[in-house]
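Please treat every number below as a calculation from the coordinates, not as lab data. Please read all numbers here as calculations on a predicted model, not as lab measurements. For neighbour counting, all protein chains shown are included, and Cβ atoms are generated from backbone atoms with ideal geometry for every residue, glycine included.
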């Protein structure tokens, strides 16, 4: 599980130092590599550890039929903005320029841990992102309607 926000510097070649706190949260699995892709909802990138990417692919394979035109179009678009990445000996990741360009990133990025994935945002966009002023109401709407309330034992 990934948590926390981490500001990193993007060098001219598109390399970033993978945050040490996120590396610890990976528990030594960073050498397995990552898949990075453009997010489907927000102007950011999403970084999946390889084991999570494989889990996401299994979910997609169960829901999609490549012989249906609409599904085929989705598959094409979903995978078109992906790339595999592996940390180098200095624990840096090389983000493809085409993906950096898609999110208009400059010199600083924010790596935001979100459970099983990491979102990568241009620092300015992250700072300016709207926050929901009524997070409590949203939490109640989403989580408070459960048929299985959390009970203490």
Does residue 93 fit the bill of being within 15 Å of residue 22 (Cα to Cα), out of contact with any helix residue (DSSP H, G or I) (no Cβ under 9 Å at 6 or more places or on another chain) and surrounded by 15 or more Cβ atoms within 10 Å (Cβ to Cβ)?
yes
Can you tell me which of (1) in contact with a helix residue (DSSP H, G or I) (Cβ under 9 Å, 6 or more places away or on another chain); (2) in contact (Cβ under 8 Å) with a residue 60 or more places away in the chain; (3) surrounded by 11 or more Cβ atoms within 10 Å (Cβ to Cβ) is the one residue 29 doesn't meet?
(2)
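Any residue at all in the stretch 47-55 that's over 15 Å from the mean Cα position of the chain (by Cα) and either farther than 24 Å from residue 129 by Cα or surrounded by fewer than 17 Cβ atoms within 10 Å (Cβ to Cβ) (or both)? Outline the logic, then answer.
From the stretch 47-55, those over 15 Å from the mean Cα position of the chain (by Cα) are none; that's our starting set.
No; the residues of the stretch 47-55 include none that is over 15 Å from the mean Cα position of the chain (by Cα) and either farther than 24 Å from residue 129 by Cα or surrounded by fewer than 17 Cβ atoms within 10 Å (Cβ to Cβ) (or both).
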Determine whether residue 111 is buried (at least 16 other Cβ atoms within 10 Å of the Cβ), over 18 Å from residue 12 (Cβ atoms) and out of contact with any helix residue (DSSP H, G or I) (no Cβ under 8 Å at 6 or more places or on another chain).
no
When every residue in the stretch 56-69 that is out of contact with any helix residue (DSSP H, G or I) (no Cβ under 9 Å at 6 or more places or on another chain) and surrounded by 12 or more Cβ atoms within 10 Å (Cβ to Cβ) is compared, the one farthest from residue 4 (Cα to Cα) is 57
Just to check your reading of the model, which residue among 22, 45 is in contact with a helix residue (DSSP H, G or I) (Cβ under 7 Å, 6 or more places away or on another chain), closer than 22 Å to residue 125 by Cβ and in contact (Cβ under 8 Å) with a residue 12 or more places away in the chain?
45
Taking the condition of being part of a loop (DSSP other than H, G, I, E, B) and exposed (fewer than 13 other Cβ atoms within 10 Å of the Cβ), how many residues in the stretch 5-15 meet it?
3
Looking at 34, 2, 74, 18, which one is surrounded by 15 or more Cβ atoms within 10 Å (Cβ to Cβ) and out of contact with any strand residue (DSSP E or B) (no Cβ under 8 Å at 6 or more places or on another chain)?
74
